[in-house]
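A.B. asks: Sharing a structure here in structure tokens format.
Bear in mind these aren't lab numbers, they're just calculated from the coordinates by the rules spelled out. All of these numbers come straight from a predicted model, not from anything done at the bench. Positions of Cβ are backbone-derived with ideal geometry, glycine not excepted, and every protein chain shown enters the neighbour counts.
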Amino acid sequence: MKLNLLLSFLIIFAFAFSPCVSTTDASNPKKPNILFIMIDDLGKDWVSCYGADDIKTPNIDSLAKGGMKFHNAYSMGSCSPSRTTLLTGKYPFRTGWVSHWDVPRWGVGYFDWKKKENTTFARLMKDLGYATAIAGKWQINDFRVEPNALKKHGFDDWALWTGFETGNPASDKRYQDPYINTPESGSRTYKGKFGPDIYNERLIQFMRKNKDEPMCLYYPMPLLHRPFVATPDEPNAKDRIDRHKAMVRYVDKMVGQLVDELNNLSIRNNTIIFFASDNGTDKLITGSLNGKKAPGGKGSYTEDGVGGPFIVNCPGMVPAGTETDALTDLSNMLPTFLELGGGTVPEELVIDGESIAPLLLGKAKDSNRDWIMALNYGPAKLDKEGIRPGQVFAPRVIRDKQYKVWVSNKRQIERLHDLLEDPAEEKNLLGSKKPEHKKTFLKFKKIVSTFPKKDGRPLYEPRAKNSWDRK
């Protein structure tokens with residue numbers, strides 16, 4: 001009896017004074033999975049839960065119904081700036097990616113992985129014990145120059161359309177007969193295949209393989225970008241608008257497949273799904289939103305160009321049926337992912353975003369952002385020092401929940417709009433004598449004064465010429 005009491009005491013003592021397991025321990029099975037889906041060129045005007053009249057998107061709508069739908073979410077307004085902002089948590093004026101830069105097409109330079117400058121969320125999530133994967137579109141490294149770019153950026157697995165490589169016509173294909181890079185096969189053409197099917201299947205296989213450990217999945221889907229193509233489900237779609245609609249429906253189908261797989265793997269309730277876009281709808285496409293004609297806004301600074309769909313869903317974790325006017329943009333994603341994964345942003349890493357995890361988890365009613373920003377300026381240029389932005393100071397727009405300003409390349413506010421009264425941004429309030437307008441102008445002027453006078457350049461290290469370089 002005494003021996004049993006002694007053993008019981010020793011067991012209790014051992015448990016009481018044993019080291020506690022940290023919530024950030026890599027083996028913690030309760031860490032949520034993260035799946036971030038970024039559609040290419042999708043505005044609110046083509047998502048039915050946002051009021052699109054010409055399309056039905058039941059799987060995307062289901063995410064909104066069962067999760068949180070944002071009304072004030074910004075991308076950077078064009079491809080490259082949006083993607084680098086998402087990856088790094090930095091606004092483009094820090095990284096230099098203020099303009100669109102199709103790296104393989106230029107055949108020069110790359111998105112660098114120097115830790116202090118361009119650390120990606122993938123690398124940081126790996127430090128927290130996450131398995132990481134990406135599928136879809138990359139376009140910000142030339143894999144001929146650096147075949148291991150994705151590994152260096154922190155991804156364990158990938159299946160990516162490379163972007164159109166100079167001197168390699170086959171690489172122009174992202175849909176039919178796609179040209180895709182994987183770690184085991186390098187870059188090659190998949191004859192007779194439809195690219196989106198390959199990208200989706202790659203993520204599904206990765207989820208099956210890693211379902212018992214935390215996963216961080218990034219899905220920059222190539223759809224809906226030009227060329228407008230018929231899909232396997234609607235092979236007879238002929239004209240531009242019918243093909244665009246077919247592509248939107250295929251996006252919705254791909255989302256549904258991923259959600260179904262999460263359910264099949266019994267990890268749906270532990271997977272936070274983000275659904276977003278890199279910019280507005282292509283200007284060649286006109287839809288209808290809440291009964292009004294809606295021309296595509298891609299590349300513009302109006303709300304239809306930079307303010308897109310943004311939905312977050314996880315049953316039992318993200319409050320269902322929630323709509324929010326909270327401010328967020330792509331710079332917030334890196335710190336949000338880290339907080340959701342039990343980590344924090346490294347002290348030495350300068351970022352512009354703030355975590356919105358408390359809002360997503362129902363622990364806060366709003367984000368901490370007083371303003372958000374969108375910045376992009378046409379294509380970049382090439383000079384003897386490498387890549388440079390199209391402007392020394394790229395134009396940009398900044399908004400809060402009510403007001404929005406347009407900032408010129410002279411660092412001057414040139415337009416002020418009340419988005420609640422004037423969502424089409426037709427009435428310029430600059431020069432208004434109303435106290436609230438004067439106060440708002442001074443508020444935004446102070447924000448503009450904090451930006452560097454010159455946008456950065458993308459990191460670039462000169463290298464030997466390759467056979468595909470531009471002459």
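A.B. asks: If you rank ILE351, ILE241 by fewest surrounding Cβ atoms within 10 Å, what's the result? Can you show the working numbers first?
C.D. replies: Values: ILE351 18, ILE241 15.
In order of increasing Cβ crowding within 10 Å: ILE241, ILE351.
A.B. asks: Taking Cα centroids, how far is the stretch 444-467 from the stretch 177-236 in Å?
C.D. replies: Taking the Cα centre of each part, the stretch 444-467 and the stretch 177-236 sit 32 Å apart.
A.B. asks: Search the structure for amide H atoms under 5 Å from the amide H of GLY43, placed 1.01 Å from N in the peptide plane, and list their residues when 5 or more places away or on another chain.
C.D. replies: THR281
A.B. asks: Could you size up the charge dipole of the chain around its Cα centre, putting +1 on the beta carbon of Lys and Arg and -1 on that of Asp and Glu, and report it in debye to the nearest 20?
C.D. replies: 1080
A.B. asks: Also, I was wondering about something else. With no solvent and one point per C-alpha, what does the Debye sum give as log10 I(q)/I(0) for the stretch 377-449 at q = 0.16, 0.20 Å⁻¹?
C.D. replies: Treating every Cα as an identical point scatterer, log10 I(q)/I(0) equals -0.61, -0.82.
A.B. asks: Given a Förster radius of 45 Å and the C-beta distance between SER185 and GLU347 as r, what FRET efficiency does 1/(1 + (r/R0)^6) yield to the nearest 0.05? Please report the intermediate quantities before stating the final value.
C.D. replies: Numbers: r = 40 Å, r/R0 = 0.88.
E between SER185 and GLU347, to the nearest 0.05, is 0.70.
A.B. asks: Please arrange THR450, THR85 by counting, for each residue, the other beta carbons lying within 10 Å of its beta carbon, fewest first.
C.D. replies: Details: THR450 6, THR85 32.
By the 10 Å Cβ count, ascending: THR450, THR85.
A.B. asks: Sticking with this one: Taking amide H atoms as placed 1.01 Å from N in the peptide plane, list the residues 5 or more away in sequence, or in a different chain, whose amide H sits under 5 Å from that of LYS90.
C.D. replies: Long-range HN contacts for LYS90: ASP352.
A.B. asks: Note the direction-averaged projected area, equal to a quarter of the hull surface, for the Cα convex hull of the stretch 201-322, in nm². Walk me through the intermediate numbers first.
C.D. replies: Numbers: hull surface 36.6 nm².
Result: a mean projected hull area of 9.2 nm².
A.B. asks: Along each of the three principal axes of the Cα atoms of the chain, give the extent in whole Å, ordering the values from largest to smallest.
C.D. replies: So the three principal-axis extents are 88, 61, 48 Å.
A.B. asks: What fraction of the DSSP beta bridges in the chain is antiparallel, stated in percent and rounded to the nearest 5? Provide the component values of the computation, followed by the final result.
C.D. replies: Details: 36 of 65 bridges.
Here the antiparallel bridges make up roughly 55 percent for the chain.
A.B. asks: Taking H placed 1.01 Å from N in the peptide plane, check which residues at least 5 places from ILE34 or on another chain put their amide H under 5 Å from its amide H.
C.D. replies: Placed amide hydrogens put MET215, CYS216, LEU217, ILE272 under 5 Å from ILE34.
A.B. asks: Per 5 Å bin, what percent of the C-alpha pairs of the stretch 130-218 does each bin hold, from zero upward?
C.D. replies: The calculated distribution, bin by bin, is 3, 15, 27, 24, 18, 9, 4, 1, 0.
A.B. asks: Run the numbers for ASN236 and ASP366: contour at 0.36 nm per residue of separation, minus the present Cα-Cα distance, in nm. Before the final figure, lay out each step's value.
C.D. replies: Values: separation 130, 0.36 × 130 = 46.80 nm, distance 4.59 nm.
Gain on stretching ASN236 to ASP366: 42.2 nm.
A.B. asks: If we count GluC sites (Glu not before Pro) as exposed when they sit in a DSSP loop and have at most 13 other beta carbons within 10 Å, what is the longest stretch of the chain that avoids them all?
C.D. replies: Value returned for the longest uninterrupted segment is 1-183.
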